[in-house]
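What follows is one structure encoded as C-alpha cells, with my remarks underneath.
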Amino acid sequence: MKISSLNHPLPGVFLLFLLSLLAACADTTPAGPTTPAAGPGDVSSGETVKGAPPVDADAESPAPPPSGEVARVEPTPVATGSGGLSSEEQALLDHHNRVRAEVKVAPLVWSGKLQGVAAAWGRKLVDKGCVMEHSRGSGYGENLFMGSAEYFTMVDAAKSWEGEKKYYSGAPLDGSNWYRSGHYTQMVWRETTEIGCARVTCKGSLIVICNYNPPGNFMGRKAY
C-alpha cells in the first residue's frame, strides 16, 4: 500500500499509527489442514443392516429405518427339497453347511421348531411395519437380512453373512472383531447344532430370519 496515494498529508505520529493498524490486520495464521483428524472408523457395509448381535448379552445391532411400505407375509414355497424343506430352505441349509465344512465344523440340522420361532418373529416384524429388529428373550441365536425381494433369495442372505468371513481370523470375540464378523461367526459357531429359518416380504422387500440353537457369539470365546 502506497502512503503517497492518500489525498492529504498525514502527521508523522498518525502515519505510524496507521501503519501499526495495517500490520495488526495482516493474516499471520500459518497454512495447514482445516479438516479435523479422523476419529474411530465407522463400520459400514454399504447395505441394509442384517444379522444377530454378535455378543453374549441382549444388545442388538443397529436397525434400519422402517420401510414405510405395506407388508405381507410371504407364503411358504412348496416343499421340493429333502426332509420336507422347500428348495430355497434346502439351499440355505446346504450353504450354511458348506461354510461350516470350510472350517471343519459339524453340519447343522434343520429344526421345525426354530423355523416356527423365526416365522412368528417375521409376522411381528410385519405388524411393526417391517422394521429390522432383533427378537428378545428367545434363547436362540438370530441372523437377519433385508434386501429387495426382486433380486435376493434366502440363499443370498447366507452368502451375505458369509461375506464377513474376511473380518474374522479365528481369535476370541471381543470389541475389535465382533461387530464386523458376528453374522459369520454365528453361522460357524462350533457348539451350534440346529438352524431354522423363515422369510417375509414387505411389498418389495425381503426379510430373512434364521434362528440357531444353541446360540453362539459369546464374547471371549472362539467361533471354532
How far apart, in nanometres, would the label points at residue 94 and residue 180 be if each is projected 7 angstrom from Cα along the Cα-to-Cβ direction? 3.2
Step through the residues of region 123-130 one at a time and calculate ³J(HN,Hα) from phi using the Karplus curve (6.51 cos²θ - 1.76 cosθ + 1.60, θ = phi - 60°), rounding each to whole Hz and writing x for Gly and Pro. 5, 5, 5, 4, 5, 7, x, 6
Any of 104/222; 166/203; 128/203; 104/165; 104/159 with alpha carbons more than 21 Å apart? Name them for me. 166/203
What accessible area per residue comes out for region 103-154, rounded to a whole number of Å², with a 1.4 Å probe? 48
Report, by chain and number, residues whose modeled amide H sits under 5 Å from the one on residue 212, excluding near sequence neighbours (fewer than 5 apart, same chain). 141, 142
Residue by residue, what Karplus-based ³J(HN,Hα) values in Hz, rounded to whole numbers, does region 208-219 have, using 6.51, -1.76 and 1.60 with θ = phi - 60° and x for Gly and Pro? 10, 10, 10, 10, 10, 9, x, x, x, 6, 8, 4
From the backbone phi of region 86-94, what are the Karplus-calculated ³J(HN,Hα) couplings (6.51 cos²θ - 1.76 cosθ + 1.60, θ = phi - 60°) in whole Hz, Gly and Pro given as x? 5, 4, 5, 5, 4, 5, 5, 5, 4
Work out the FRET efficiency for residue 109 and residue 221 from their Cβ-Cβ distance, taking R0 = 22 Å, and round it to the nearest 0.05. 0.50
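The values are calculated or read from the model by the stated rules, or taken from the named source; none is laboratory data. This is a predicted model, so every value here is computed, not measured. Here the Cβ is made from the backbone with ideal geometry for all residues, glycine too, and neighbour counts use every protein chain on show. Ligands, DNA and RNA are excluded from the accessible area calculation, which covers all protein heavy atoms including side chains. Shrake-Rupley method; radii C 1.70, N 1.55, O 1.52, S 1.80 Å.
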